[in-house]
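Inspection log for the structure reproduced underneath, given as structure tokens.
The values are calculated or read from the model by the stated rules, or taken from the named source; none is laboratory data. Here the structure is a predicted model, which is why all the values come from computation and not from measurement. FYI the Cβ positions are ideal-geometry reconstructions off the backbone, even for glycines, and counts take in every protein chain you see. Areas reflect the complete protein model, heavy atoms only, side chains present, ligands, DNA and RNA absent. Shrake-Rupley method; radii C 1.70, N 1.55, O 1.52, S 1.80 Å.
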Amino acid sequence: MAACASLTVLALSACQAFAPQRSEVVDLTQRLQLTKVGDVITDGHARFVCVEDNKHWAYLMNVTTYKRTRYLPFAGGSAGCSSRLPADLKRVNTSVQYATVQTIADFPLRSEASFSGARILLRNAGAARVCGPNLPFYYTVNYPNSSYSFYLIVRLKTPLQLHIASYCANVATDAAKPGIDRVYQFYFGDEGLIQAIDTGNGATLLIDGNSNATEPVLLTVKSLPATVWSSQQNIFIVPRDVLDPVLQQAGLDPVKRFEALMAVIGQPSGYTITDQ
């Protein structure tokens, strides 16, 4: 513990990242019964996330207290998270930046989140990128002397469709006969477009309301999990050192990679198959 005490104080310390006693992740979408999550917004002093509740009221949620601060009723309905804002409010760009693994050492990227260097890395999975879901996105949190990587997996609202035909035969062992497409519909995917923001109270917000996820992503994270964490079986945080070994074993076959993911997150099945 002495080594941990000498580190710069961060919302997530290196010790928490590698050996947390318990994860501290809260799904605010579930807790606050939200139906939509929008952008990060500021009034010049405090920062908020624009959200919509299950009564279809849009309001500003304070990023520190998570309390409702101000409703945003516009003419024509509750469109508070749309492109139109009152003149005293403006959007804040908090997107986590990305780079390929090959360039990340040469071009270190940062976000303003309390992860102190949270970044998204895009792996080049070769032919699997053509043939379907290959789980290329993961996040790395860098600390002074260490790092922690994780995947953010979500249940998809609209299934991702993958056609495995003869051109994919070199990577897919379950391709259909020549001239026939074997069509897979996948119901889970990796989330690669999140925003991250320091809440000011020792936590990081992970935000994405514009994805194809079944529920909007709005997580408050004080300590990342050492094992798989999930919320209502809709959102999963998967440590990279848990998932990557089984992905390596699956090789480039996109179906085997997907089945490996299902085994890790404890889902009995996550896709359907039809031949065309």
Quiz item: What does the charge add up to near LYS90, with Lys and Arg as +1, Asp and Glu as -1, over the other residues with Cβ less than 11 Å from its Cβ?
Solution: -1
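Longer than 26 Å from Cα to Cα, which of LYS55/LYS222; LYS36/LYS67; LYS36/LYS256 are they? Say none if no pair is. Write down the numbers at each step before the final one.
Values: LYS55/LYS222 29 Å; LYS36/LYS67 16 Å; LYS36/LYS256 33 Å.
Those over the limit are LYS55/LYS222; LYS36/LYS256.
Residues with beta-carbon under 10 Å from that of VAL217, excluding VAL217: net charge, scoring Lys, Arg +1 and Asp, Glu -1?
Working: positive: none; negative: ASP27, GLU191, ASP208, GLU215.
Within the 10 Å Cβ shell, the charges total -4.
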Quiz item: How high is the FRET efficiency from GLN233 to LEU193, r the C-beta distance, R0 22 Å, rounded to 0.05?
Solution: 0.55
Self-check item: 14 Å beta-carbon shell around LEU32, net charge (K/R +1, D/E -1)
Solution: +1
Exercise. Kindly state, to the nearest 0.05, the FRET efficiency for GLN161 paired with ARG31, given R0 = 45 Å and r defined as their beta-carbon distance.
Key: 0.85
Exercise. Working with all protein chains in place, sort ASP241, ASP88 by solvent-accessible area computed with a 1.4 Å probe, largest first.
Key: ASP241, ASP88
Quiz item: Largest first, what is the accessible-area ranking of HIS56, HIS45 with a 1.4 Å probe?
Solution: HIS45, HIS56
Quiz item: Measuring from centroid to centroid over Cα atoms, what is the spacing of the range 242-276 and the range 208-232 in Å?
Solution: 20 Å
Quiz item: For the pair SER269 and THR42, what calculated FRET efficiency results from E = 1/(1 + (r/R0)^6), where r is the Cβ-Cβ distance and R0 = 30 Å, to the nearest 0.05?
Solution: 0.10
Self-check item: Accessible area in the full protein assembly, largest first, 1.4 Å probe, for ARG31, ARG47, ARG257
Solution: ARG31, ARG47, ARG257
